[in-house]
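All remarks here apply to the structure that follows.
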Amino acid sequence: LCCRTFFKIQRVLKPALVIRPRFPLFFIVTAPLRTPPAKATAKYDKEATSHLYLATFPMLFGVALYSLVHDVHRTYYGWVVSSLADLVYYFGFIMMTPQLYINYKLQSVAHLPIKVFVYKIFNTFVDDVFAWVVKMPLKHRLMTLRDDVVFVVFLYQWWTYRID
């Protein structure tokens, strides 16, 4: 299964390793997109991700510093673990949100297949049920609400842009 998945990724993306003398020392590049809609989608995805990083990354550092100064932690290790959990939640949000921007800029949800949309519905529902039924930290429960906000905006876009 792993080899087959690697083969599929290699066939679609055509990755190549580029080595250079400055940081980062190496990175992987993929084949350029050929169709105009794919180019537009990639452009909007890159634009949304970069704007979100610039707008929210300082806020993440501010929350970590505020937590260090004002919250009670048993050790610095506890603060580091809490801050890293916030970082994971942050990157999860950053990876979900550009799709909303792409839908808005293209005024369409045609590039979002119905199977993916149904998966998002199911995933959001299961995540909410487990977060509020199983005992877990309040931080994780609140982070599931982040998924719900994005999901409600998806539903609104699905209803607004249904005719392509």
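The values are calculated or read from the model by the stated rules, or taken from the named source; none is laboratory data. Nothing here was measured: the structure is a model prediction, and the numbers come from that model. Cβ sites come from the backbone with ideal geometry, for glycine too, and all protein chains shown count toward neighbours. For the accessible areas, the whole protein counts, side chains as well, though only heavy atoms, and no ligand, DNA or RNA atoms are used. Shrake-Rupley method; radii C 1.70, N 1.55, O 1.52, S 1.80 Å.
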To the nearest Å², the heavy-atom accessible area per residue of the range 98-164 with 1.4 Å probe amounts to 69
Compute the distance in nm between two label points, each set 7 Å from the Cα along the Cα-to-Cβ direction, one at Tyr77 and one at Val149.
3.3
The simple spin-label model distance between Trp158 and Ala85, using points 7 Å out along Cα→Cβ, in nm, is 3.1
In whole Hz and in residue order, list the ³J(HN,Hα) couplings for the range 114-128 that follow from phi through the Karplus curve 6.51 cos²θ - 1.76 cosθ + 1.60, θ = phi - 60°; x for Gly and Pro.
4, 5, 5, 5, 5, 4, 5, 4, 5, 4, 5, 5, 5, 4, 5
Leaving ligands, DNA and RNA out of it, report the carbon-plus-sulfur percent of the accessible area of the range 65-145 at a 1.4 Å probe.
72
Per residue of the range 69-77, what does 6.51 cos²θ - 1.76 cosθ + 1.60 with θ = phi - 60° give for ³J(HN,Hα)? Whole Hz please, x for Gly and Pro, Karplus curve as stated.
7, 9, 8, 9, 10, 5, 9, 5, 4
